[in-house]
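Chemist: Provided herewith is a single structure, encoded as structure tokens, for subsequent inquiry.
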Amino acid sequence: MDLTWLGHGCFRLRGKNAVAVTDPYPPALGPRLAKLEADLVTVSHPHPNHSNVQAVKDARVIDGPGEYEVKGITVNGVPAYHDDRKGEERGRNTVFLIEVDDVRVCHLGDLGHRLDDASLEVIGSVDVLLVPVGGGNSLDASRAAEVVRQIEPRMVVPMHYAVPAVKKELDGVDRFLKEMGAPETEPIQRLSVQATTGDTETTKVVVLEPRL
């Protein structure tokens with residue numbers, strides 16, 4: 001499975017037989033997504049910066065909790081919140097577990113709180129965790145690191161942080177890297193993951209260059 005960061009909360013997950021895209025954003029955010037082709041697109045919550053499904057051609061839209069399967073990709077949407085007051089301030093958010101070629105990817109969307117035991121049990125083991133780290137309306141660096149420690153994934157990829165092209169006030173990624181004890185992490189263009197690769201005892205931090 002090949003993972004590419006397209007900026008903000010948007011990733012492309014390319015498997016052998018199918019492609020998934022997460023949280024596509026509109027041109028108003030700053031970058032302009034190229035027209036994407038995928039078999040499914042997940043939407044963590046209905047904010048325009050995470051729900052521009054028109055940017056993804058002919059894809060099945062999955063925008064809430066439940067279990068789904070599209071062309072061999074399985075998706076489990078886990079209910080969560082966009083704040084730490086059970087949605088009173090910013091509403092609901094869906095955490096998506098997306099399994100591609102036996103690789104389990106967890107996209108936290110705009111999660112705003114630590115996860116409870118019931119959610120952690122549903123999420124289970126995770127190969128690649130995609131976690132917001134830039135603060136604003138979702139997790140900041142320290143709370144993101146707490147959630148990483150809760151889930152204990154094989155790899156963690158930060159998202160939803162300040163990059164030059166994005167017109168949104170967010171923290172940079174450096175604070176999160178320090179929280180994770182990995183301040184010297186160098187960005188890479190793409191992450192290729194197999195179900196059996198990597199050390200499962202410690203979480204590896206991977207920074208992806210946004211393909212804007």
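The values are calculated or read from the model by the stated rules, or taken from the named source; none is laboratory data. None of these values were measured; they are calculated from a predicted model. Note that each Cβ is placed from the backbone with ideal geometry, even for glycine, and that neighbours are counted across all protein chains shown. Only protein heavy atoms, including side chains, enter the accessible area calculation; ligands, DNA and RNA are left aside. Shrake-Rupley method; radii C 1.70, N 1.55, O 1.52, S 1.80 Å.
Chemist: Can you give me the number of residues within the stretch 15-42 that are without any contact (Cβ under 8 Å) to a residue 24 or more places away in the chain and touching an Asp or Glu at 6+ places or on another chain (Cβ under 8 Å)?
Modeler: Counting residues in the stretch 15-42 that are without any contact (Cβ under 8 Å) to a residue 24 or more places away in the chain and touching an Asp or Glu at 6+ places or on another chain (Cβ under 8 Å) gives 2.
Chemist: Given the structure, is residue 129 open to solvent by less than 10 Å² (accessible area, probe 1.4 Å), closer than 26 Å to residue 33 by Cβ and touching a helix residue (DSSP H, G or I) at 6+ places or on another chain (Cβ under 6 Å)?
Modeler: Against the criterion (open to solvent by less than 10 Å² (accessible area, probe 1.4 Å), closer than 26 Å to residue 33 by Cβ and touching a helix residue (DSSP H, G or I) at 6+ places or on another chain (Cβ under 6 Å)), residue 129 qualifies.
Chemist: With the requirement that a residue be under 25 Å from residue 80 (Cα atoms) and open to solvent by 30 Å² or more (accessible area, probe 1.4 Å), what does the stretch 30-50 give you?
Modeler: Hits for the stretch 30-50 are 39, 46, 47, 48.
Chemist: Does residue 156 satisfy the criteria of being surrounded by 15 or more Cβ atoms within 10 Å (Cβ to Cβ), at negative phi, outside any helix (DSSP H, G or I) and in contact with a Lys or Arg (Cβ under 8 Å, 6 or more places away or on another chain)?
Modeler: Yes, satisfied.
Chemist: Follow-up. Residue 144: out of contact with any helix residue (DSSP H, G or I) (no Cβ under 9 Å at 6 or more places or on another chain) and touching a residue at least 24 places away in the same chain (Cβ under 8 Å), yes or no?
Modeler: no
Chemist: Got a sec? Which of 53, 75, 19, 70 is open to solvent by less than 10 Å² (accessible area, probe 1.4 Å) and either among the acidic types (Asp, Glu) or at pLDDT 95 or above (or both)?
Modeler: Sole residue among the options that is open to solvent by less than 10 Å² (accessible area, probe 1.4 Å) and either among the acidic types (Asp, Glu) or at pLDDT 95 or above (or both): 75.
Chemist: Please give the number of the condition residue 113 fails out of (1) open to solvent by 10 Å² or more (accessible area, probe 1.4 Å); (2) touching a Ser or Thr at 6+ places or on another chain (Cβ under 9 Å).
Modeler: Among (1) open to solvent by 10 Å² or more (accessible area, probe 1.4 Å); (2) touching a Ser or Thr at 6+ places or on another chain (Cβ under 9 Å), residue 113 violates only (2).
Chemist: Name, by its number, the condition in (1) over 24 Å from residue 164 (Cα atoms); (2) surrounded by fewer than 23 Cβ atoms within 10 Å (Cβ to Cβ); (3) not hydroxyl-bearing (Ser, Thr, Tyr) that does not hold for residue 27.
Modeler: Of the numbered conditions (1) over 24 Å from residue 164 (Cα atoms); (2) surrounded by fewer than 23 Cβ atoms within 10 Å (Cβ to Cβ); (3) not hydroxyl-bearing (Ser, Thr, Tyr), the odd one out for residue 27 is (1).
Chemist: Going by the structure shown, is residue 105 of a type in the set (A, V, I, L, M) and either outside any loop (DSSP other than H, G, I, E, B) or crowded, with 20+ Cβ neighbours inside 10 Å (or both)?
Modeler: yes
Chemist: Here is a list of conditions, (1) touching a Lys or Arg at 6+ places or on another chain (Cβ under 8 Å); (2) part of a strand (DSSP E or B), and residue 137 meets all of them except one; can you say which number that is?
Modeler: Of (1) touching a Lys or Arg at 6+ places or on another chain (Cβ under 8 Å); (2) part of a strand (DSSP E or B), only one is false for residue 137: (2).
Chemist: Looking at the stretch 159-184 only, could you name the residues that are touching a helix residue (DSSP H, G or I) at 6+ places or on another chain (Cβ under 7 Å), of a type in the set (A, V, I, L, M) and open to solvent by 40 Å² or more (accessible area, probe 1.4 Å)?
Modeler: Correct list: 180 only.
Chemist: Pairs under 9 Å by beta carbon, first residue closer than 18 Å to residue 45 by Cα in the stretch 1-13, partner polar (S, T, N, Q) and outside any strand (DSSP E or B), six or more apart or different chains?
Modeler: Partner pairs satisfying both residue conditions: 8/49; 9/44; 9/49; 9/138; 10/52.
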